[in-house]
Amino acid sequence: MALTKLLKRFHIKIVVLHFNLHGLIKILDKTFEVFIESEELQREIQSLAKEINAVYKGKDVVFLAVLNGAFMFTADLMKKIDLDCEISFIKMSSYHGTQSTGTVEELIGLRTDISGKHVVIIEDIVDTGITIDKIITLLDNYKPESVAICTLLFKPDAFQGNKKPDFVGFAIPNAFVVGYGLDYNEHGRNLNTIYQIRNEY
Ligand code: IMP
C-alpha cells in the first residue's frame, strides 16, 4: 500500500516535470505555453514605474486599480512607485435594470475623491478597449484633472476603443493569455508567469 502510494506520487511528479520542461500547463480543458516569464515582467514593471514616477512627480495622483485582473500587477507596480499618492480598487459591475433598457454598468468601490486630481487607471489587459472606455465615461462625472491608463498588456489588433493606453508594458498578439492576475474561467490568476493559449491542431 505504501509502495503504491509512493509510486503514484513519483509518477505524478514525473508528469508535472514533463509539462514544466516544455513550458506547458493545462488549465481546465485548455493547454497554455509560457509567454512572458516572471523576470521579464518585473523588468518591464520597473521601467513602467520609472516612467510614471517621472511624469507625475509633484502632482496629486490617484491610482485606480481595476479588479480582479490587475491585483498582482498593481501590487508589484506600486512597490516601485515613489510618489506620494492614493491607491484605490474599483470594479465594473453590470446588471439588468428594472426597465427594458438592457444592461446597466456601474463602477463600484470608488471611495476616493478624484475631483481635480490626476487619475491613473491600472489594468491587467486592454483588449477591445470597451471596458476602459466605460470606466473613463463614468469617472468623468467626478471631474478629475486628467485620466491616464496604465496597462500591463495591450492587444493592438483587437483594440476598438476611443482612448489608447498611455503606459503599456507589453503589446501582444490577439491570443488569449492567462496568469499573473489574468484568468481562464477564474483559474490561473495565481500564476507568476504569463501563459498564452496553445493552438491545438
Ligand atoms: P476589453 O475587451 O478591453 O474590454 O477587456 C475586457 C476584459 O476582458 C479585460 O479586463 C480582461 O479581464 C478580459 N480579457 C481580455 N483579454 C483577455 C485575455 O487574453 N485573457 C484573460 N482575460 C482577458
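Points worth noting:
- So A75, is it at pLDDT 95 or above, assigned to a helix (DSSP H, G or I), more than 30 Å from A175 (Cβ to Cβ) and more than 16 Å from the ligand (Cβ to nearest atom): no
Conditions (1) free of Cβ contacts under 8 Å to residues at least 40 places away in the same chain; (2) in contact with a strand residue (DSSP E or B) (Cβ under 6 Å, 6 or more places away or on another chain); (3) among the polar types (S, T, N, Q), marked per residue:
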{"residue": "S115", "(1), (2), (3)": "yes, no, yes"}
{"residue": "L138", "(1), (2), (3)": "yes, yes, no"}
{"residue": "S146", "(1), (2), (3)": "yes, yes, yes"}
{"residue": "I149", "(1), (2), (3)": "yes, yes, no"}
{"residue": "L152", "(1), (2), (3)": "no, yes, no"}
{"residue": "K155", "(1), (2), (3)": "yes, no, no"}
{"residue": "G169", "(1), (2), (3)": "no, yes, no"}
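- Matching residues, the stretch 105-121, being over 19 Å from K163 (Cα atoms), aliphatic (A, V, I, L, M) and more than 16 Å from the ligand (Cβ to nearest atom): L110, I114
- Residue match in the stretch 51-63 (condition: assigned to a strand (DSSP E or B) and not β-branched (V, I, T)): yes
- Some residue of the stretch 107-123 being surrounded by fewer than 18 Cβ atoms within 10 Å (Cβ to Cβ) and in contact with a Pro (Cβ under 9 Å, 6 or more places away or on another chain): yes
- Residues located in the stretch 22-37, provided they are surrounded by fewer than 14 Cβ atoms within 10 Å (Cβ to Cβ) and over 20 Å from E186 (Cα atoms): H22, E37
The values are calculated or read from the model by the stated rules, or taken from the named source; none is laboratory data. No experiment lies behind these values; they were computed from the predicted model shown. Here Cβ is always computed from backbone atoms with ideal geometry, including for glycine, and neighbour counts include all displayed protein chains.
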